[in-house]
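*Asks:* Quick one: the structure is below, questions incoming.
The values are calculated or read from the model by the stated rules, or taken from the named source; none is laboratory data. These numbers were taken from a predicted model, which means no experiment stands behind them. Note: ideal-geometry Cβ built from the backbone for every residue, glycine included; neighbour counts use all protein chains shown.
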Amino acid sequence: MKIKNLKVYNGCLIVVDMVNGFIKEGMLHDKKIKEIIPRIIELMKEAKTAGKLIVFIKDTHNKDAAEYERFGDKPHCLRGTREAELVDELKEYENREDTISIEKNCTNFMEAPDFRLLMENQPEI
């Protein structure tokens, strides 16, 4: 995880799995979900105005991900593919000083090592 600054935040907005593999392409995508993108952008602007951190959680797997075996899924959101990237509408927000992107290789982002590290380093959140 790249921490761009050491600012202490008193809250955050967590944007989960708004990646192409769930929104725009691939076997698990659902095009209806894209209808919430404008509201997510509104929420991100509100969070930024309030001085909150924005955390993007991105489903990102290696070819041998345990999730594929456990749930019988076919590969999705493979690391290095477009499926694992944020949707285009959110990309411009990804590399800002007040945002952090965390890749998760599990069904629960709270188990992702980088998310746990973030919570340890930002107790006010």
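*Asks:* Which of the numbered conditions does Glu42 fail, given that it passes all the others? Conditions: (1) outside any loop (DSSP other than H, G, I, E, B); (2) modelled with pLDDT of 80 or more; (3) touching a helix residue (DSSP H, G or I) at 6+ places or on another chain (Cβ under 8 Å).
*Replies:* With respect to (1) outside any loop (DSSP other than H, G, I, E, B); (2) modelled with pLDDT of 80 or more; (3) touching a helix residue (DSSP H, G or I) at 6+ places or on another chain (Cβ under 8 Å), Glu42 is out only on (3).
*Asks:* Next question. For the range 12-39, name all the residues that are assigned to a helix (DSSP H, G or I) and among the β-branched types (Val, Ile, Thr).
*Replies:* Within the range 12-39, Ile23, Ile33, Ile36, Ile37 qualify.
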